[in-house]
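First up is the structure itself, then whatever we jot down about it.
None of the figures in this text is laboratory data; all of them are computed from the coordinates on show. Source: prediction; values computed, not measured. Methodologically, a virtual Cβ is constructed for each residue, glycine included, from the backbone with ideal geometry; neighbour enumeration extends over all protein chains shown.
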Amino acid sequence: MRIVLVGPPGAGKGTQAAFLAKNLSIPHISTGDLFRANISQGTELGRQAKAYMDAGNLVPDEVTVGMAKDRMEQPDAANGFLLDGFPRNVAQAEALDEMLETEGMKLDAVLDLEVPEDEVVKRIAGRRVCRNESAHVFHVTYSPPKQEGVCDACGGDLYQRDDDSEETVRRRLEVYHTQTEPIIDYYKAQGLVVTISALGKVNEVTERAMEALRGDQ
Ligand code: AP5
Ligand code: ZN
């Protein structure tokens, strides 16, 4: 299956993507994680992306689309993928459609995670991420690690993302409403959108998502 996950910052896209990708045996491709990996490795691409990310703005399409395309062309993505954080504006959605068309492929579904803004703000404020592995995500109250500041899965340091400050989160939400939400209508016109509530326990949301995707197959 080829799936796009869309939803505001802090909706739980990364959290859900980890479970959904495993259930569906497809790779989880997160452009945010790819940028953060480049930043921690000190690459030129990471250097270009960092200032945009820290300000809560989108990294320019020229940089993002090429990076996403390279990742989608890896052998593990030949039979499907779960895109998290890409596309993030209509130009990127059009670039993705073009890419897929060239290969004779199509998207199967766009899963839209709905969460009220006050909940999103709480989720982001308490988020802690593992330095070793971006899929190891915790929350100080909702899913606290056994030992404060230490990853349960690998013992790595937990840290708060640079772009999770209150001011940057406000900007990221604004960017989501003005630039990313329009892709939902873009994909509705293609009949691809399934919307679910992302409120409730993590496993309840995963079940809801799996049901919605099954209904769409
Ligand atoms: P990106 O990394 O994609 O960030 P985002 O979209 O803002 O999403 P987040 O990672 O903040 O949240 P999430 O929905 O994954 O939530 P999570 O699962 O962690 O992008 C960052 C930046 O990179 C962008 O601002 C931009 O600059 C750049 N970028 C990336 N892609 C780009 C693109 N295509 N084009 C241009 N620029 C791009 O969950 C959040 C918290 O809630 C966690 O603590 C978690 O434990 C908790 N939680 C999750 N589910 C639940 C639940 N059900 N109940 C209670 N708590 C929960
Ligand atoms: Zn870890």
Exclusive hit being over 18 Å from TYR187 (Cα atoms) and of a type outside the set (Asp, Glu), set LEU96, LEU82, LEU107, LEU45
LEU45
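Taking region 62-118 on its own, how many of its residues are of a type outside the set (A, V, I, L, M, F, W, C), under 14 Å from the mean Cα position of the chain (by Cα) and crowded, with 16+ Cβ neighbours inside 10 Å? I'd like the intermediate steps shown before the answer.
Of the residues in region 62-118, the ones of a type outside the set (A, V, I, L, M, F, W, C) are 62, 64, 66, 69-71, 73-76, 79-80, 84-85, 87-89, 92, 94, 97-98, 101-104, 106, 108, 112, 114, 116-118.
Imposing the further condition that a residue be under 14 Å from the mean Cα position of the chain (by Cα) reduces the set to 64, 84-85, 87-89, 112, 114.
Still in the running and crowded, with 16+ Cβ neighbours inside 10 Å: 64, 84-85, 87-89, 112.
Of the residues in that region, 7 qualify.
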Name the residue, out of GLY14, GLY42, GLY32, GLY46, that is assigned to a helix (DSSP H, G or I), free of Cβ contacts under 8 Å to residues at least 24 places away in the same chain and not charged (D, E, K, R).
GLY46
Here are some conditions: (1) within 8 Å of ligand 1 (Cβ to nearest atom); (2) more than 30 Å from ASP108 (Cβ to Cβ); (3) not polar (S, T, N, Q). PRO145 meets all but one. Which one does it not meet?
(1)
Scan (1) out of contact with any Ser or Thr (no Cβ under 7 Å at 6 or more places or on another chain); (2) at negative phi for the single condition GLY42 breaks and write down its number.
(2)
Picked from region 125-142 (must be near ligand 1 (Cβ under 6 Å from one of its atoms) and among the hydrophobic types (A, V, I, L, M, F, W, C)), the residue nearest to ILE39 (Cα to Cα) is VAL137
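Please go through region 134-158 and pick out each residue that is closer than 23 Å to ASP54 by Cβ and either within 9 Å of ligand 2 (Cβ to nearest atom) or surrounded by 13 or more Cβ atoms within 10 Å (Cβ to Cβ) (or both). Give the derivation first.
Initially, region 134-158 is screened for residues closer than 23 Å to ASP54 by Cβ, giving 134-140, 149, 156-158.
Residues satisfying the conditions are SER134, ALA135, HIS136, VAL137, PHE138, HIS139, VAL140, GLY156, ASP157, LEU158.
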Enumeration of residues in region 176-210 that are among the β-branched types (Val, Ile, Thr) and without any contact (Cβ under 8 Å) to a residue 12 or more places away in the chain
THR178
Residue ID - farthest from THR178 (Cα to Cα), chosen from residues in region 25-59 that are away from ligand 1 (no atom under 11 Å from the Cβ) and among the hydroxyl-bearing types (Ser, Thr, Tyr):
SER25
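Go through region 93-190 and tell me which strands (runs of 3 or more DSSP E), entirely inside it, have 1 or more residues that are farther than 19 Å from PRO9 by Cβ. Steps first, please.
Working: elements: 109-114, 127-130, 137-139.
Where strands (runs of 3 or more DSSP E) fall fully within region 93-190 and carry at least 1 residues being farther than 19 Å from PRO9 by Cβ, they are 109-114.
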From the option list ASN57, ASN79, single residue qualifying as closer than 24 Å to VAL169 by Cβ, outside any helix (DSSP H, G or I) and out of contact with any Phe, Trp or Tyr (no Cβ under 9 Å at 6 or more places or on another chain) is ASN57
